[in-house]
Amino acid sequence: MTGNGKTALILGITGGVGGATASALRRHGWTIRALYRDPAKLTAASGIDGRRGDALVPADVIAAADGVDVIVHAVNPPGYRNWETTVLPMLQSTIAAAKTSGARIVLPGTVYNFGSHPPALADEDAPQVADTKKGAIRVALERALENSGLPVLILRCGDFFGGPAGNSWFGQAMVKPGRPVTRIVWPGRTGVGHAFAYLPDVAETIARLLAREAELPRFARFHMDGHWFANEGDVLAAFRAATGRDDLRLARFPWGLLRLAAPFVPLFREMAELRYLWQVPLRLDNRRLTTFLGAEPHTPAPVALREALRSLGCLETPPVAEKAPAR
């Protein structure tokens, strides 16, 4: 595609959201610049303007953001660790860089902000009453952006899947990367729905919103509906359709064992804090998004799940190629 003359700086390009967003923006004609600490991680990413640096160092981000139009803040501590000491400082680096460059900040939002008693259908203006450590940090994150006076775009989504496992429940708990899928581990309570977001759809949505950046308010916040599974039966049916295996079974996530190991394993402790998200239904209301864009980019669940499983090496044999519908 012909370039559009705009440049996006991606923070966290080696992660799921950052990598997918970089790919989508390139398809839409953007020049991509990336800040990273390990040059080896970008050797295969031809055409990306790589800048060495650390998202925790404001001077590094300011230098990398010189002349860019957008900063995609998709950087997070790995394994849910060190949120208290890294998440807000990294955002302050991005805010400082945006103030210098005049760029709009793009933030992938989470549902942590709504606490353990969220509305069943949450719109963008639902009260943010977080009662967990991570939720409080995410609320502070959005508040800092809103108070910065900078142009901001927040796209809130459910649990990510597709692409690298990263911090996702899909790749860390529901399936085992590198192994053929024979069962799906379901962390949810019986009969309780859960929201997921396919990373290529998330990235395409960001790209489409930025294509109409001039029409966005200074502080723009949208919700994606993504893939909503009303219960564990819906999940199992979708996975069976994706894999072509009618013998695929559902297994329960071992919350009891995780709770026992949590004092000794930091990752398990952080995962246990988020258990409430699997015990109550929380669906995101995307009417503001569909009103603005006309439709939400959406890959059918069997296609999205199949591609996600393929990317994790969980399909025994490659199925017949099936193209996702044009977005």
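What is the distance in Å between the Cα centres of the stretch 99-116 and the stretch 159-235?
First find each Cα centre; the distance between them is then 17 Å.
What number comes out for accessible area per residue over the stretch 59-107 if the probe is 1.4 Å? Units Å², please.
Computed with neighbouring chains in place, this is 36 Å² per residue.
Could you size up the charge dipole of the chain around its Cα centre, putting +1 on the beta carbon of Lys and Arg and -1 on that of Asp and Glu, and report it in debye to the nearest 20?
Numbers: 38 positive and 30 negative charges, 100 e Å.
Here the size comes out at about 480 debye.
Using amide H atoms built in the peptide plane, which far-off residues or other-chain residues are under 5 Å from LEU250 H to H?
Amide H neighbours of LEU250, under 5 Å, 5+ apart: ILE184.
Once a ≥ b ≥ c are taken as the square roots of the eigenvalues of the Cα gyration tensor of the stretch 94-194, is the result rounded (a/c under 1.5), prolate (a/b larger than b/c) or oblate (a/b not larger than b/c)?
Working: a/c = 2.95, a/b = 1.58, b/c = 1.86.
It is oblate, given that a/c is not under 1.5 and a/b is not larger than b/c.
Run the reach check for LYS133 against aspartates and glutamates, Cα to Cα strictly under 16 Å, same-chain hits fewer than 8 apart removed. What comes back?
GLU84, GLU142, GLU270, GLU273
Would you compute, from DSSP H runs of 4+ residues alone, the mean residue ellipticity of the chain at 222 nm, taking -39500 (n - 2.57) per run and dividing by the full residue count, rounded to the nearest 500?
One gets -10500 deg cm²/dmol as the mean residue ellipticity at 222 nm.
Would you pull out the residues with amide H under 5 Å of GLY53's amide H, same chain only if 5 or more places away, H placed 1.01 Å from N?
TYR36, ARG37
May I ask you to give the percent of accessible area on the chain that is carbon plus sulfur, with a probe radius of 1.4 Å?
Percent of accessible area from carbon and sulfur atoms in the chain: 53.
Please give the contour-minus-distance gain from THR190 to PHE292: 0.36 nm per residue of separation, less the Cα-Cα distance, rounded to one decimal in nm.
Additional length available on full extension: 33.2 nm.
To the nearest 20 Debye, how big is the dipole of the stretch 179-315 about its Cα centre, given +1 on the beta carbon of each Lys and Arg and -1 on that of each Asp and Glu? Intermediate results must be reported in sequence, preceding the final value.
Values: 19 positive and 14 negative charges, 76 e Å.
In debye, rounded to 20, the stretch 179-315 gives about 360.
Per residue, how large is the accessible surface of the stretch 119-177? Use a 1.4 angstrom probe and give square angstrom.
37
Under the 0.36 nm per residue contour assumption, what length would be gained going from the current alpha-carbon distance of ALA140 and ARG269 to full extension?
Going from the current span to full extension adds 44.3 nm.
I need to check one value: relative contact order of the chain, counting alpha carbon pairs closer than 8 Å and at least 6 residues apart, in percent. List each step's numbers first, then the result.
On the way: 635 pairs, mean separation 58.1, N = 327.
Contact order relative to length: 18 percent.
The values are calculated or read from the model by the stated rules, or taken from the named source; none is laboratory data. Owing to the predicted nature of the structure, the values given are computational and were not obtained by experimental measurement. Reconstructed Cβ throughout: ideal geometry from the backbone, glycine too, with neighbour counts over all protein chains shown. Note: areas computed on protein heavy atoms with side chains; ligands, DNA, RNA excluded. Shrake-Rupley method; radii C 1.70, N 1.55, O 1.52, S 1.80 Å.
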